[in-house]
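Take a look at the structure set out below.
Any read-out appearing in this document is the output of simple, stated calculations on the displayed coordinates, not a laboratory observation. Quick caveat, the model's predicted, so the values are computed rather than measured. For neighbour counting, all protein chains shown are included, and Cβ atoms are generated from backbone atoms with ideal geometry for every residue, glycine included.
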Amino acid sequence: MTDAVVPVKAFEGSWEHTFVTGGVAALAGLMFGLDIGVISGALQFIGDTFHTSDVAKEWIVSSMMFGAAAGALGAGVLSFRLGRKVSLIIGAVLFVVSSLLCAAAWSTESLIVFRVILGVAIGIATFTAPLYISEIAPADKRGAMISSYQLMITVGILAAFLSDTLFSYIGAWRWMLGIVAVPGALFLIGVIQLPSSPRWLMMRGRKDEARAVLKSLRGDPKLVNKEMLDIEEQLKRPQRGWSFFRANPNFRRSVGLGIALQMMQQFTGMNVVMYYAPRIFADVGFKGHEALWGTALVGLVNVLSTFVAIALVDKVGRRPVLLVGFAVMAIGLGALGVLLHIGTTDIEMQIYAVTMLLVFIIGFAVSAGPLIWVLCSEVQPIEGRDFGMAISTFTNWASNFVVGLTFLTMLNGLGSGATFGIYAALNALFLLVTFFYIPETKDISLEAIEVNLMAGKPLRHIGD
Ligand code: BGC
């Protein structure tokens, strides 16, 4: 299979064209979101069909994240050898096939196996899409374009919450799991239309094709020439992974930064809410249908707040938004923890608790949700970009796995007050980490960030 260039004709040569192209890649985010959101609603019905134990249920949930962590690692090699576009196509095909297999599962074990494959698909897509977007985006639109990827994640989560709620009236878990093959097929059709990443083409020595893609993306021949020269300059040093990591301490710093950023995103506690929102609503005092609609409200607020992030990211910058975000999340979860500790006995306190939960969601969706993906795609030097992003995406899924696996144990062992208190404290810690170590990367080219990193500037200043 070769990574052929198929320029999209509509809007050619304008930033709208770049946006449409990035938008298709961002649909990978939709797949990501659908899979985060889909399982919580289906689990109870799956359990009824297969008489699944609680431990096996935990495996049904976490097998996907396990596969995704593995897929993210493998995707580094895949996207280097075959290209970003072909990786996305492979991810999309696996996604469609494994979603249908999940819907047809005949036992708990078969479902777990199919969810591992589904996870591999998601891992490949979630590694490759931000990488691809960052390589086709002009510097001043990069943040907003990667944030649109996050927007698609949140839309996917909301869609899954709503579809689960509707199918729950007839207990149709096979439909819940299978329906996602439809957007998966649309994604596949979309990615087949995408042009190849110009950077990747240049890496492979396919200069004319790279120029053609850049021309279709940027229009202005001056911009195209400038970008070609920039990329050429960088490619004088070939793409390396592990050997580069061992040899270059500056690269080790950016890989470490990517790991820290993704751990920070996951240990905000966001996915605790994504996987267990109905349980949290029940603890607050809303049960049954109220809890399900409350969960949908969480999904909606998550989507709407992400629009705010898109508006802010390239204007206000990454650091201020992250600092405010972690503060808001710490306050939201801290207050929720206190309220749950006291006990939400009347409706006023219940509404207050839900409001604090939503404050937390807004804090995440405006800041760490999109910005961590933005930053992770920006800070790796080109020689080690595939490797660095594979490691950070792997960290995202591995941390996600840990968070998902420990929440109920924490809740049962420590109580909800202390559990949310711990997450609030972690958010406060991340505020400090951001203040001292996280760079501002607004309006600076990836090339300039790399020069600063390699010159040994402190991480906090590689975007200056
Ligand atoms: C995170 C996911 C999370 C989602 C919530 C993403 O940025 O990586 O783990 O479920 O945001 O909107």
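Given a Förster distance of 25 angstrom, what is the FRET efficiency for VAL338 paired with LEU429, based on the Cβ-Cβ distance and rounded to 0.05?
Working: r = 19 Å, r/R0 = 0.74.
Calculated transfer efficiency: 0.85.
Relative to the compact-globule scaling 2.2 N^0.38 Å, provide the ratio for the alpha-carbon radius of gyration of the stretch 185-331. Can you show the working numbers first?
Values: Rg = 22.2 Å, N = 147, 2.2 N^0.38 = 14.7 Å.
The stretch 185-331 yields a ratio of 1.51.
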Extension gain from ILE170 to GLU290, taking 0.36 nm per residue of separation minus the Cα-Cα distance: 41.4 nm
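Once you sort the root eigenvalues of the Cα gyration tensor of the stretch 139-197 as a ≥ b ≥ c, which label holds: rounded (a/c under 1.5), prolate (a/b larger than b/c) or oblate (the other case)?
Values: a/c = 5.94, a/b = 1.84, b/c = 3.24.
Oblate shape, in that a/c is at least 1.5 and b/c is the bigger or equal ratio.
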Gained length - LEU408 relative to PHE307, 0.36 nm times residue gap less alpha-carbon distance: 33.2 nm
For the chain, convex hull of alpha carbons as volume per residue, Å³: 130
Helix axis angle, 108-136 relative to the chain longest principal axis, alpha carbon, degrees: 40
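Could you grab the Rg to Rh ratio for the stretch 94-203? Cα atoms only, Kirkwood for Rh. Walk me through the numbers on the way to the answer.
Details: Rg = 16.5 Å, Rh = 15.7 Å.
Ratio of gyration radius to Kirkwood radius: 1.05.
Of the peptides 371-383, 259-271, 101-113, 405-417, how do they stack up when ordered by the mean number of other Cβ atoms within 10 Å, highest first? Please list the in-between numbers first.
On the way: 371-383: 26.0, 259-271: 22.6, 101-113: 17.9, 405-417: 14.8.
Ranking, from highest mean packing down: 371-383, 259-271, 101-113, 405-417.
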Distance histogram in 10 Å bins (all Cα pairs of the stretch 286-412, percent per bin): 12, 31, 36, 16, 4, 1
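For an R0 of 41 angstrom, estimate the FRET efficiency from the Cβ-Cβ distance between LEU82 and ASP48 and round to the nearest 0.05.
Details: r = 42 Å, r/R0 = 1.02.
Rounded to the nearest 0.05, the efficiency is 0.45.
Based on Cα coordinates alone, diagonalise the gyration tensor for the stretch 355-424, multiply each eigenvalue by 5, take square roots, and list the semi-axes in whole Å, largest first. All intermediate terms of the calculation are to be shown ahead of the outcome.
Working: eigenvalues 179, 57, 10 Å².
Semi-axes from the Cα gyration tensor: 30, 17, 7 Å.
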For the stretch 366-417 and the stretch 262-333, distance of Cα centres in Å: 15
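Taking 0.36 nm per intervening residue step and subtracting the Cα-Cα distance, what contour gain separates LEU300 from MET454 on full extension?
In short, 51.3 nm is gained.
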For the chain, calculated [θ]222 nm from helices alone, where every DSSP H run of n ≥ 4 adds -39500 (n - 2.57): -27500 deg cm²/dmol
Bins of 10 Å from zero: percent of alpha-carbon pairs in the stretch 29-128: 17, 49, 25, 8, 1
Computed over the stretch 8-461: relative contact order in percent, which uses C-alpha pairs under 8 Å that are six or more apart: 23
Relative packing of peptides 42-53, 84-95 - highest average C-beta neighbours within 10 Å first: 84-95, 42-53
Folded to 0 to 90 degrees: helix 385-414 orientation relative to the chain principal axis, Cα: 10
